[in-house]
Amino acid sequence: MNILLFALGSHGDVHPFVGIGIRLRERGHQVAVAANRYFQPLIEHAGLEFIELGTADEYRKLATNRDLWHPLRGPKSVFQGTARYLRPMFDIAADFYGRGSVVVAASSLALGARVAQDKFGIPLASVHLSPSIFQSASDPPMLAGMNLMPRWTPPWGWRMLWRGANAMMDRLIGPSVNQLRRDVGLPPVRNIIRDYWHSPQRVICMFPDWFAPPQIDWPPRTVLTGFPLFDEPDLSPISDGLETFLQSGDPPIAFTPGSAMWQGRAFFETSAAACAKLNRRGLLLTRHTDHLPKTLPPGVIHVHYAPFSTLLPRCCAFVHHTGIGTSAQAMASSIPQLCTPFTHDQPDNTARLVHLGVAKTLSPAQYTPDRAARVLRELIESPRIKNNCRQIAARFVGVDALGKTCELIEALPQSMRHPLAF
């Protein structure tokens, strides 16, 4: 088949689709990935066809927008930043449809591809990477600003909250989506982030049920496949310099605010100071060298990038923003985590990690050298947390999430012919 993957977002959002694409290509399909030009080297290095969806300068402009990481303004920035790509997404899907035997798998924000699905009847699966995407009343996600709602709020209270949130988001993103639908001869839609961005054919969730059990109010035809755990281990192996560092002393503490964080100076200054207080070696992971302190304490180094799947098993603790891919790699590596969530899916991911007993959390405002050193000491020295980490890591053994995801994508044309069987 000709399979088109829409990957919108940061490295953590693109990596899973590159992993899916590689596996689909190995299964004999022709695979293209539509993504921002910023990720063209990664996609082409993986041997996949690249289709441009926005320029690298546009990606940098969105990534450097400080509102992107504001607890409340962040989601608005994301939707406004991606609205300009609705028509390009539609056009890419329409052009690709002409190749024949076409199947599409689209990330959560690929609403232009959903419009093309409605217009042309393209087999399409929505691929969601984190459970916070679902507006559940039975297991509501912990989103930024929702800590004012007590967890014991009855389901009708959550449904009222979601109704208001949907009305607000329809006012934000609805005009752009429905303008595109009018332009191509389709009627308008409502409840876009409650209903519309879930494909009626198949919803694929790339996380397991022990992390987020499926709920009765999730969309129909939702299937959980597990964490993808793709992070370029073969494309970008550990460098010789990093290998020498890892072999030269005790396991370090690894730190990252996420690949999409372009305002990480305060995070890295605090992280380096915490290592000094603990007298521990540290590893600062960022592609942005201007975020780093001018001088680093002894035993603390900087690395542009290292695949977490091979790095984290050799570290003693991991401090991060709680992106879903980063969190999954840490769980699979059996490493204690200190979470510093900002917005988007990060607060919900953090709550689930803390519930599993593998992490502690500090808000960005609480992340100071003294507090970070204290919590890291607790994480590193706690036998209970270490045991929890080992038990959770064991759940990854023998799971082929990418393979199961590929099977579901391959089955989409059959679901069009025999809808009741799915």
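Throughout, read-outs are computed from the coordinates displayed, never taken from laboratory work. In this text, all values refer to a predicted model and were calculated from it rather than measured experimentally. Here the Cβ positions follow ideal geometry from the backbone for every residue, glycine too, while neighbour counts run over all protein chains shown.
Taken over the chain, lysine pairs spaced eight or more positions apart, or on distinct chains, with alpha carbons under 24 Å apart number 5. Here is how the number arises for the chain: DSSP H runs of 4 or more residues each give -39500 (n - 2.57), the sum is divided by the residue count, and the result at 222 nm is -13000 deg cm²/dmol.
Among TRP158, TRP197, TRP210, a tally of other beta-carbon atoms within 10 Å of each Cβ gives an order, fewest to most, of TRP210, TRP158, TRP197. In the chain, the longest principal axis of the Cα atoms and the axis of helix 383-394 are about 30 degrees apart.
Per-residue Karplus couplings for the range 162-171, computed as 6.51 cos²θ - 1.76 cosθ + 1.60 with θ equal to phi - 60°, are listed in order as 5, 4, x, 5, 5, 4, 5, 5, 5, 5 Hz, Gly and Pro entered as x.
With +1 assigned to the C-beta of every Lys and Arg and -1 to the C-beta of every Asp and Glu, and no other charges, what is the dipole magnitude of the range 1-78 about the Cα centre in debye, to the nearest 20?
Working: 9 positive and 8 negative charges, 50 e Å.
Using only the charged Cβ atoms, the result is roughly 240 debye.
Would you mind working out the magnitude of the charge dipole of the range 37-102 relative to its Cα centre, with +1 at each Lys and Arg C-beta and -1 at each Asp and Glu C-beta, to the nearest 20 Debye?
Values: 9 positive and 8 negative charges, 81 e Å.
My answer is approximately 380 debye.
If Lys and Arg each add +1 and Asp and Glu each add -1, what is the summed charge of the other residues whose beta carbon sits under 15 Å from the beta carbon of PHE50? Overall, the nearby charge balance is -2. Taking ASP67, ASP348, ASP217 in turn, the Gaussian network model of the chain (Cα-Cα springs below 10 Å) assigns the largest fluctuation to ASP217.
Note the angle between two axes, namely the Cα long axis of helix 86-97 and the longest principal axis of the Cα atoms of the chain, as a number of degrees from 0 to 90, rounded to the nearest 10. Helix 86-97 and the main axis of the chain meet at about 70 degrees. Magnitude of the charge dipole for the chain, about its Cα centre and with charges confined to Cβ atoms of Lys, Arg (+1) and Asp, Glu (-1), is about 1000 debye. Values of log10 I(q)/I(0) for the range 240-394 across q = 0.09, 0.19, 0.20 Å⁻¹ run -0.24, -1.20, -1.35, by the Debye formula with one identical scatterer at each alpha carbon and no solvent.
The order of LYS61, LYS76, going from fewest to most other C-beta atoms within 10 Å of their C-beta, is LYS61, LYS76. Our Cα-only numbers for the chain put the radius of gyration and Dmax at 21.2, 65 Å. Tell me whether the range 59-166 comes out rounded, prolate or oblate; compute the Cα gyration tensor, take square roots of the eigenvalues as a ≥ b ≥ c, and use a/c under 1.5 as the rounded threshold. Oblate, since a/c reaches 1.5 and b/c is not below a/b. With axes computed from alpha carbons, what is the tilt in degrees of helix 265-278 against the longest principal axis of the chain, rounded to the nearest 10 within 0 to 90? With both axes taken from Cα atoms, the answer is about 40 degrees.
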